[in-house]
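The values are calculated or read from the model by the stated rules, or taken from the named source; none is laboratory data. Here the structure is a predicted model, which is why all the values come from computation and not from measurement. Here the Cβ positions follow ideal geometry from the backbone for every residue, glycine too, while neighbour counts run over all protein chains shown.
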Amino acid sequence: MIERYESIHRSRWSQYLPIPPFYRDMLTRLNGGFLFETALFGIPFSMLQDPPLLNRSVQQPLDVCTANEHWRLEYGVPRTSFYFASGSHSSTDNVGYFLMPNNSIEAYLKGNKKIGEWATFTAFLTAEITRAEARSVEFERMLESMGSSKSKRKR
């Protein structure tokens, strides 16, 4: 599946960035997913077609090739980095997660503003799951306060 995907996208895009071996292994095990507000990009089955087409009528991972071809541009990171995930940094900013050539991971806000770095994927997941859980609690509190203010207005 990964070889077919790369073959299709390599022929369509002159600046194709190959999927690094580390992330290829992740795709064979996981093929993308969501951890709270963080999306790990994968290979949507509809993007294995020729021509590849995004199909949002079925649940699929966000497309790793589209991320590396288009979505990465706003972060201004070097072409040698591989864009594999994104998430919510605040109510107004997203963070992009990039796999570097040495398999470390760096986090960037738009405009090449580096905000984090992890030596391993395990360290990245541990830190980001903890951060996402904290944000989830904040979000739930906000929803509760919105609900209680609505019920006060109804009275």
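Pairs are defined by a Cβ separation below 8 Å, a sequence spacing of at least 6 or placement on different chains, a first member in the range 76-94 that is in contact (Cβ under 8 Å) with a residue 60 or more places away in the chain, and a second member that is part of a strand (DSSP E or B); the pairs so defined are Phe82/Phe98; Phe82/Leu99; Phe84/Leu40; Phe84/Tyr97; Phe84/Phe98; Phe84/Leu99.
For the range 46-63, check the following and say yes or no: at least one residue is surrounded by 14 or more Cβ atoms within 10 Å (Cβ to Cβ), in contact with a Gly (Cβ under 6 Å, 6 or more places away or on another chain) and at negative phi. The answer is yes; a qualifying residue exists.
Conditions (1) out of contact with any Cys (no Cβ under 6 Å at 6 or more places or on another chain); (2) of a type in the set (D, E, K, R); (3) closer than 17 Å to Met1 by Cα, marked per residue:
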site	(1), (2), (3)
Arg24	yes, yes, yes
Gly32	yes, no, yes
Glu37	yes, yes, no
Phe41	yes, no, yes
Met47	yes, no, yes
Gln59	yes, no, no
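The set of residues from the range 1-37 being over 13 Å from Ala67 (Cβ atoms), β-branched (Val, Ile, Thr) and either within 16 Å of the chain's Cα centre (by Cα) or modelled with pLDDT under 90 (or both) comprises Ile2, Ile8. Among the residues of the range 38-48, those that are under 13 Å from the mean Cα position of the chain (by Cα) and either charged (D, E, K, R) or in a loop (DSSP other than H, G, I, E, B) (or both) comprise Phe41, Ile43.
Looking across the range 87-104 at every residue that is under 24 Å from Phe139 (Cβ atoms) and surrounded by 14 or more Cβ atoms within 10 Å (Cβ to Cβ), the one that is farthest from the chain's Cα centre (by Cα) is identified as His89.
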